[in-house]
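To start, the structure itself, in structure tokens.
The values are calculated or read from the model by the stated rules, or taken from the named source; none is laboratory data. No experiment lies behind these values; they were computed from the predicted model shown. FYI the Cβ positions are ideal-geometry reconstructions off the backbone, even for glycines, and counts take in every protein chain you see.
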């Protein structure tokens, strides 16, 4: 019997290492043999007078190995006590202490195996010097990452049946491309799982043609030289009826399913839609491509330990003129938890026509607009310019609180702006696939790693998300270092910071350029570089001012920021080599800002 328990435990370690649902790639090393990691189990040989803590269940078992396997199949089981005398397996939902009951294996009447650590354990937390300042919201959930010398707040991986986001990667450059048709560049990305979707996003300056009336271009992603077909292509388009030189931020994204695991070549491409070319990408601002894997099949649980989960992707190839507050698009979403908020991300093509007209796109939830913190909306106002109309891709990001669990009908509406300007002829979806991503989120959640089924600590790709909201900031300044700001406490020194500002912006003076950018404690990002967007509008044929108020999303991931208090500011100023553009920020609509920590590659 002496060798029996030891051999059984070793075999169990090998068998159980494959049972975890977690597919993320990065684990946390706490440098402790007390924490089971799939190859190490806290095993004690106990005497006959040992009694386990409150037992969830007691079942017959032929061996300690079978007892451990039974425990591992129960999501709440944390310890297995195998009574060798009557061959009974006791299942316990907390790790057991055997102090005073341990004995030599030859004399043991049973085995106690702590197959996973207790999530909340004040005694265990106290052994880590990194946890001395009580950095976690829930006492007892702190562990020390001895490799990086920082505290980690942990959650229970068994409370969720999905991994919503993993393997995050960002590519960034200041290069520019004047390619009229074809491939601009490629990126190599290794996809870890065949069952996940592939998220692709472009953030950077794009132009459709130069001084060409009736011209249009389409930019799009390819995966191994093929456009996405499940569900739709991930693309962006712009059409203008008169000669223009518009170089402005574009932010578009989507998810592609059915892509196998392994090395993938992500291509960024452009093609003519009508008229001549002279298209341009990457002008006067840093460009980014963000790539990640997303859960292919959402689960059913409330995922209490996760900052974001239940990510559902809706896409359509529907183009229509909708106005008078009518619903343009309807989707049904099942919200699983009552204590979460909903985050929405929209990417699609918008159109309005004529001088002095303004259209508003906004979301309703079960027939009502969001009231906490405010309406999820984006507006497009046109005035000036020769033939003031355009079809152009835009994006939006916002979060709504206070929505109950259950089925929610999410509708996208189009109607008049609150400013009192008339609505003329809005259209949505021209020559561009519309993508909508909806997910549940817990703001301020400090859990950065979860205990997987094999006992290891696995990093979450995203945690510590916060949001701020302002309505009608109405900032008139050409130069302003603080249009709005968020006070953010960064938990980890090794994480990166993902920021998203969704705001309405305008440049008025013809052939001038304004730049919106993000600062961290007063300095722009240096690794990999500035998080920024630019708007340059030149009515080449008419030489008139374009007084257009339009959606603007400034987004990027910054590396190398220290842990601690950070002021995340949105600023505006001149583009290099250009004068004042008469910039205007946050007019007649909501401004949303979101900040979160991201572990790249996790």
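Check off (1) in a strand (DSSP E or B); (2) more than 30 Å from residue 300 (Cα to Cα); (3) modelled with pLDDT under 95 for residue 106 and give me the number that stays unchecked.
Failing condition for residue 106: (1).
So which of 333, 318 is modelled with pLDDT of 90 or more, under 22 Å from residue 435 (Cβ atoms) and part of a loop (DSSP other than H, G, I, E, B)? Steps first, please.
Details: 333 fails: part of a loop (DSSP other than H, G, I, E, B).
Going through 333, 318 in turn, just one is modelled with pLDDT of 90 or more, under 22 Å from residue 435 (Cβ atoms) and part of a loop (DSSP other than H, G, I, E, B): 318.
Looking at this structure, is residue 163 surrounded by fewer than 20 Cβ atoms within 10 Å (Cβ to Cβ), at pLDDT below 95 and either assigned to a loop (DSSP other than H, G, I, E, B) or in the same structural domain as residue 284 (by TED's automatic domain parsing) (or both)?
no
Within the group 420, 444, 402, 406, which residue is on the phi > 0 side of the Ramachandran plot and at pLDDT below 95? Can you show your working first?
Values: 444 fails: at pLDDT below 95; 402 fails: at pLDDT below 95; 406 fails: at pLDDT below 95.
The unique qualifying residue is 420.
Can you find even one residue in segment 116-135 that is more than 30 Å from residue 298 (Cβ to Cβ) and in a strand (DSSP E or B)? Even if it seems obvious, please write down each step before you answer.
Within segment 116-135, the first condition is being more than 30 Å from residue 298 (Cβ to Cβ), and the residues that meet it are 121-135.
Now narrow it down to the ones that are in a strand (DSSP E or B): none.
Scanning segment 116-135, I find no residue that is more than 30 Å from residue 298 (Cβ to Cβ) and in a strand (DSSP E or B), so the answer is no.
Answer yes or no: is there a residue in segment 538-547 that is more than 18 Å from the chain's Cα centre (by Cα) and at pLDDT 95 or above.
Checked segment 538-547: no residue is more than 18 Å from the chain's Cα centre (by Cα) and at pLDDT 95 or above.
Among the listed residues 413, 391, identify the single one that is farther than 30 Å from residue 466 by Cβ and either touching a helix residue (DSSP H, G or I) at 6+ places or on another chain (Cβ under 7 Å) or surrounded by 19 or more Cβ atoms within 10 Å (Cβ to Cβ) (or both).
Just a single option satisfies the conditions, and that option is 391.
Can you tell me which of (1) modelled with pLDDT of 90 or more; (2) crowded, with 20+ Cβ neighbours inside 10 Å is the one residue 382 doesn't meet?
Going through the list (1) modelled with pLDDT of 90 or more; (2) crowded, with 20+ Cβ neighbours inside 10 Å, residue 382 breaks only (1).
The rows are residues; the columns are (1) buried (at least 24 other Cβ atoms within 10 Å of the Cβ); (2) within 19 Å of the chain's Cα centre (by Cα); (3) more than 15 Å from residue 434 (Cα to Cα).
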position	(1), (2), (3)
188	no, no, yes
193	no, yes, yes
210	no, no, yes
220	no, no, no
226	no, no, yes
242	no, no, yes
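From the list 155, 197, pick out the single residue that is under 24 Å from residue 494 (Cβ atoms), in contact with a strand residue (DSSP E or B) (Cβ under 7 Å, 6 or more places away or on another chain) and not assigned by TED's automatic domain parsing to the domain that holds residue 526. Explain how you work it out, then say what you get.
Values: 197 fails: under 24 Å from residue 494 (Cβ atoms).
None of the other options fit; the residue is 155.
Just for segment 262-285: of the residues that are crowded, with 22+ Cβ neighbours inside 10 Å and under 24 Å from the mean Cα position of the chain (by Cα), which one is farthest from residue 214 (Cα to Cα)?
The residue in question is 285.
Are any residues in segment 496-529 free of Cβ contacts under 8 Å to residues at least 60 places away in the same chain, more than 30 Å from residue 244 (Cβ to Cβ) and in a loop (DSSP other than H, G, I, E, B), and if so, which ones?
Within segment 496-529, 521, 522, 525, 526, 527 meet the criteria.
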